[in-house]
Amino acid sequence: MDARPTVTKTLTEQTVGSRMSDPTELIPELATIGGALYKATGNRSVPRTTMGLIHLRAGQIVGNTYLTLMHSSLLRKAGESEERIAAVASWRDATLFTEAERLALELVEAVILPNPQGERVSDELYARVAKQYDPKALATLTVAIGQVNFFTALAVVGKPLAGRAPAEQWT
C-alpha cells in the first residue's frame, strides 16, 4: 500500500501548453498592430535599453513569468549586465540606473499599479518626467508603456510558454 499523500496538480501542471492558441493565428491583425507599436516606439527618442527596462518592470509587476523571462533575455542580448537586470525589481534603492531610467521605471509603476490615494500619475511625477524627456520622448515612453500593457493581457490570459522559441510559445 502506497502511503504517499495524493497530490492534486494545478491546471497549469496538468497541461504542457499555453491556455490559448497563438493569438496572431486567430487574429492576424495583431501582427500588424504589434509591428506598428514596435515601429512607433523605435523612433530612438528613448534608448532601447530604457524601453527594455520598463517592459521588464511591467512583467514583474503583473507577476508574469513569460514577460519577465522574455524581457530579461532581450536585455541580456542587448548587452545589459546581470546586476542591472536583477536590480530592476528593486530599482528604487539601486544605484545602477540613470535618472532618466529611474523616472521611466517610476512612470511605468505609476501607470500599472493602482493608487488608492488618487491619480496614478501625479502632476509632480509628470513634471519630473517631462523635465527629463522632450515631448517626443515622453510621448514615445507613454506609448511604450501602453505597448507592454497591450501585450500583458495576452500573456496573462493566454499564458504562453516561458523560455521557449516564439514558434513554441503558443500551443
Original post:
Among residues other than Trp91 whose Cβ falls under 14 Å from its Cβ, what is the net charge (Lys/Arg +1, Asp/Glu -1)?
Top reply: -3
Original post:
Quick one: which of 71-77, 110-116 comes out on top by average Cβ neighbours within 10 Å, and what's the full order, highest first?
Top reply: 71-77, 110-116
Original post:
So how far, in whole Å, is the C-alpha centre of the range 23-50 from the one of the range 90-168?
Top reply: 16 Å
Original post:
Based solely on its DSSP helices, what 222 nm [θ] is calculated for the chain when runs of n ≥ 4 H residues each add -39,500 (n - 2.57) and the sum is averaged over all residues, nearest 500 deg cm²/dmol?
Top reply: -18500 deg cm²/dmol
**OP:** Give me the net charge of Gln132's neighbourhood, meaning all other residues with Cβ under 10 Å from the Cβ of Gln132; Lys, Arg count +1, Asp, Glu -1.
**Re:** 0
Subject >> Viscosity 0.692 mPa s, 37 °C: Kirkwood-radius Stokes-Einstein D of the range 56-147 over Cα pairs, µm²/s >> reply: 235 µm²/s
Original post:
Got a sec? Charge dipole of the chain, +1 on Cβ for Lys and Arg, -1 for Asp and Glu; which of Trp170, Val129, Ser90 is way out at the positive end?
Top reply: Trp170
Subject >> Loop-located trypsin sites (Lys or Arg not before Pro) in the range 96-130, at most 15 other Cβ atoms within 10 Å (DSSP) >> reply: Arg120
Subject >> Residues Arg92 and Ser21, FRET efficiency given R0 of 45 Å [Cβ-Cβ distance, rounded to 0.05] >> reply: 0.70
Original post:
Carbon and sulfur atoms: what percent of the 1.4 Å accessible area of the chain do they account for?
Top reply: 59 percent
Original post:
Excluding Gly42 itself, what net charge comes from residues whose Cβ is under 15 Å from its Cβ, given Lys and Arg +1 and Asp and Glu -1?
Top reply: +4
Original post:
Which whole-number percent of Cα pairs in the chain have a distance greater than 20 Å?
Top reply: 58 percent
Original post:
How far is helix 99-112 tilted, in degrees, relative to the longest principal axis of the Cα atoms in the chain, given as a value from 0 to 90 rounded to the nearest 10?
Top reply: 50 degrees
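The values are calculated or read from the model by the stated rules, or taken from the named source; none is laboratory data. The shown structure was predicted, so the numbers you read here are calculated from the model rather than taken from an experiment. Heads up, the Cβs are rebuilt from the backbone with ideal geometry, glycines too, and the neighbour counts pull from every protein chain shown. For accessibility, only protein heavy atoms count, side chains too; no ligands or nucleic acids. Shrake-Rupley method; radii C 1.70, N 1.55, O 1.52, S 1.80 Å.
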